[in-house]
Amino acid sequence: MDLRSLWFRGLAAVCYRRMILVECYLDNPPPDPGEEANEIQSELQDSEWREYLRFDREVNADELQRRRQAGHVCLIIRRDGVLVCAHWSVLGPGSAYIAYLDTTIPLGTAERYVYGALTAPSLRAQGLATRSWQRSLRWAWDADFRHSVSAVLPESRSSLAVGARVGYRQTALIGYCKLGPWRREFRRALPRA
């Protein structure tokens, strides 16, 4: 962990948090990522909850139930039958809650918010996350969603790089500053790359 990352973690614990909004507009069908012979993408089924809870240690059964009752969709990838990658989508219209910032963002009819992406640690840096996001965009296109948005910590260079590889672009810095009961949210557009 570098000094800058440590500095922002300290600020986040006390008074300042921020994330980068990344967005992908699906004006045309996304390229088909192709299928790896031993990888299968599907939606998480009720019968797979226990396995998911073992895979994602930051989610408990109550949170998983809340997400499912709210209509969130979890796309998973299995490699040789083992759960190796997952992420969640909030489907518009409505709003998506960003827990880290304790805020919501509006979602239109053909929009979705992607969060909670997780790849098995032993399989990182092998292109699995990129294929997962490509397949996710294909799933969104097939389900008639034309805009995907996600929020990424600026220090998460690998997540930003994966997003850029599959067509997401950084559009805004969002966050808040707070001191005691006072809180001010901000949103600053980022220059187009």
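The values are calculated or read from the model by the stated rules, or taken from the named source; none is laboratory data. Because the structure is a prediction, the values reported are computed rather than measured. Quick reminder, even Gly has a Cβ in these numbers, built from the backbone with ideal geometry, and neighbours come from all protein chains shown.
Results for (1) touching a Pro at 6+ places or on another chain (Cβ under 9 Å); (2) surrounded by 14 or more Cβ atoms within 10 Å (Cβ to Cβ); (3) under 13 Å from A140 (Cβ atoms); (4) in contact (Cβ under 8 Å) with a residue 40 or more places away in the chain, shown as yes or no for each residue.
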position: P30; (1), (2), (3), (4): no, yes, yes, yes
position: N38; (1), (2), (3), (4): no, no, no, yes
position: Q45; (1), (2), (3), (4): no, no, no, no
position: R57; (1), (2), (3), (4): no, no, no, no
position: A61; (1), (2), (3), (4): no, no, no, no
position: R67; (1), (2), (3), (4): no, yes, no, no
position: I76; (1), (2), (3), (4): no, yes, no, no
position: V84; (1), (2), (3), (4): no, yes, no, yes
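Taking A12 as meeting all but one of (1) modelled with pLDDT under 90; (2) of a type outside the set (D, E, K, R); (3) closer than 21 Å to Y168 by Cβ; (4) part of a helix (DSSP H, G or I), write down the number of the exception. Failed condition: (3).
One residue alone among E155, E185 is in contact (Cβ under 8 Å) with a residue 24 or more places away in the chain and surrounded by 14 or more Cβ atoms within 10 Å (Cβ to Cβ), and that residue is E155.
Could you grab me the full set of residues in the range 17-28 that are touching a residue at least 24 places away in the same chain (Cβ under 8 Å) and either surrounded by fewer than 16 Cβ atoms within 10 Å (Cβ to Cβ) or among the small types (G, A, S) (or both)? Within the range 17-28, Y25, D27 qualify.
Residues checked against (1) in contact with a helix residue (DSSP H, G or I) (Cβ under 8 Å, 6 or more places away or on another chain); (2) acidic (D, E):
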| site | (1), (2) |
| --- | --- |
| L137 | yes, no |
| W141 | no, no |
| D144 | no, yes |
| V149 | no, no |
| L153 | yes, no |
| S156 | no, no |
| L160 | no, no |
| G163 | yes, no |
| I174 | yes, no |
